[in-house]
Ligand SMILES: Cc1cc2nc3c(=O)[nH]c(=O)nc-3n(C[C@H](O)[C@H](O)[C@H](O)COP(=O)(O)OP(=O)(O)OC[C@H]3O[C@@H](n4cnc5c(N)ncnc54)[C@H](O)[C@@H]3O)c2cc1C
């Protein structure tokens with residue numbers, strides 16, 4: 001396993017990134033892939049720790065020490081086979097995963113974690129270059145048809161797993177191009193869209209059919225899919241954005257983050273003529289998570305005059321605190337590449353109202369400082385600090401404060417789908433209250449991560465297979481709660 005004491009002799013390194021002043025001039029990816037030599041060197045840091053917490057930390061249970069060792073031994077094809085056995089799309093997670101595996105790497109107790117994500121990306125890119133990525137055609141056809149609604153990472157992973165078992169799989173998608181949030185949420189500078197097209201070609205070669213521009217519940221009745229297919233899987237994401245219902249919300253210039261990000265990507269793809277232009281504008285991003293960070297990176301690329309980001313919570317510590325020990329997810333300050341590109345981050349601040357000079361267009365936001373302390377029941381609550389009101393001048397606001405639940409118009413009254421307390425689709429072993437109707441991904445868990453969506457798609461495929469085959473048993477562990485809500 002790795003080179004003996006490699007973790008002592010070799011420091012963690014990172015592939016080269018383009019300088020900020022250069023990369024904000026374009027929307028392309030700006031981080032290189034490790035050279036083979038560098039990836040092999042970094043994999044030497046994996047230290048045969050005995051109990052591989054990284055494997056446990058990864059929702060896909062990637063066999064990380066095994067692929068690290070194969071890279072160390074320069075057996076890249078073997079490394080790809082190991083990675084591909086648990087992760088359908090390592091080229092995506094190798095770029096945009098927050099890497100819970102690294103947070104639980106044993107080396108990270110008192111050193112920098114193994115750079116697992118970048119090694120994964122190197123393996124995936126080498127596999128595509130060497131033509132090792134093949135369509136997963138089944139050994140025998142089962143002559144049963146499954147419909148999947150939604151072509152995000154959950155739907156695509158579920159489709160590939162079911163197809164490899166022998167089902168005929170049709171994917172229905174309301175957009176004109178597949179990929180879900182991989183395509184229209186995550187900006188190009190984090191994930192270039194030809195990487196999605198490259199993967200879709202592999203899925204099409206496995207004879208998975210894609211039906212684009214089909215909104216189920218609007219263009220096609222879900223009942224007709226339930227009739228025509230042996231099972232139906234809803235992987236429709238969690239699209240309803242959380243709103244900020246304060247005075248002045250109606251003013252021109254206030255947008256949901258997703259409208260901004262989607263229109264930007266569509267304009268870059270030639271699918272939209274207009275975008276929300278931030279050039280020379282004062283931009284206020286409300287919401288301190290990854291979606292907010294993507295708005296910052298996009299606004300800076302458009303030439304925003306100034307970008308401010310507000311977060312309700314207090315500034316996290318730079319290091320783990322005593323009540324947040326390894327291998328738990330570290331609740332520490334995260335600075336993304338978009339933050340590096342320029343923004344003023346304000347912590348523990350709430351927005352009281354939006355202001356206009358002419359009664360129509362936004363000209364500012366009134367804010368107030370918050371203090372977080374425990375109430376008499378020991379629950380952390382935010383208290384406004386009197387006398388700390390301030391006005392932030394802004395021409396554009398992006399609301400990046402999360403998503404509340406899936407958009408289920410055309411499903412609920414029509415087919416009587418039961419929902420859980422959060423208004424996500426309620427399930428038992430991935431099956432909804434409607435026989436033969438399954439769900440996976442954000443529609444099931446609430447807005448989460450690509451790695452969780454892939455894991456959900458895989459587990460749901462097993463549940464569908466068990467439902468259609470009495471001799472197959474299924475025992476799927478579904479973890480309630482979502483520690484990575486965006
Ligand atoms: C701005 C943003 C940035 C993010 N960045 C990251 C990141 O860096 N790393 C990370 O791990 N995660 C990130 N996430 C989260 C991640 O993208 C999601 O958790 C993941 O894409 C969920 O996958 P999914 O397949 O469940 O749903 P989605 O990706 O949302 O896909 C759902 C698909 O269903 C389609 N659909 C919906 N309703 C219908 C219908 N009625 N008929 C037909 N089709 C329908 C939609 O058009 C869409 O294509 C980000 C999310 C956002 C919003």
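Results, tabulated for the structure shown:
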quantity: Part-to-part distance (alpha-carbon centres) for segment 309-361 and segment 154-180, which is given in Å; calculated: 36
quantity: Stretch gain in nm, segment residue 331-residue 383, where the contour uses 0.36 nm per residue and the Cα spacing is subtracted; calculated: 16.6 nm
quantity: For segment 249-274 and segment 1-74, distance of Cα centres in Å; calculated: 35
quantity: Cα Rg over Rh - segment 245-401, Kirkwood; calculated: 1.01
quantity: Distance from segment 187-214 to segment 369-443 (C-alpha centre basis), Å; calculated: 29
quantity: Shape box of segment 1-63 [Cα atoms, principal axes, largest first, Å]; calculated: 46, 30, 17
quantity: Sites residue 247 and residue 112 - FRET efficiency at Förster radius 56 Å, r taken between beta-carbons, to 0.05; calculated: 0.75
quantity: Mean separation of Cα contacts under 8 Å, 6 or more apart, over the residue count of segment 127-232: relative contact order %; calculated: 33
quantity: Listed peptides 240-249, 114-123, 148-157, 349-358 by packing density, highest first (mean Cβ within 10 Å); calculated: 148-157, 114-123, 349-358, 240-249
quantity: Segment 120-218, Rg to Rh (Cα coordinates; Rh as Kirkwood inverse mean 1/r); calculated: 0.98
quantity: Computed lengthening from residue 376 to residue 132, 0.36 nm per intervening residue step minus Cα-Cα distance; calculated: 81.9 nm
quantity: Computed [θ] at 222 nm, deg cm²/dmol, the chain (DSSP H ≥ 4; -39,500 (n - 2.57); rounded to nearest 500); calculated: -8500 deg cm²/dmol
quantity: Ratio of the Cα radius of gyration of segment 6-129 to 2.2 N^0.38 Å, where N counts its residues; calculated: 1.03
quantity: Over the chain, relative contact order from alpha-carbon pairs under 8 Å, at least 6 apart, %; calculated: 15
quantity: Distance in nm between pseudo-label sites at residue 81 and residue 368 (7 Å out along the Cβ direction from Cα); calculated: 6.4
quantity: Sites residue 323 and residue 8, calculated FRET efficiency, Cβ-Cβ separation with R0 25 Å, nearest 0.05; calculated: 0.25
quantity: Dimensions (Å) - segment 145-269, Cα atoms, principal axes, largest first; calculated: 54, 34, 19
quantity: The chain: C-alpha gyration tensor shape, a/c 1.5 cut-off, then a/b vs b/c; calculated: oblate
quantity: Segment 413-454 - convex hull of alpha carbons, volume per residue in Å³; calculated: 76
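Only the coordinates and a few stated rules stand behind these numbers; no lab work does. Note that the coordinates shown come from a computational prediction; the quantities given were computed from them, not determined experimentally. In this analysis, Cβ positions are derived from the backbone assuming ideal geometry, glycine residues included, and neighbour counts consider all displayed protein chains.
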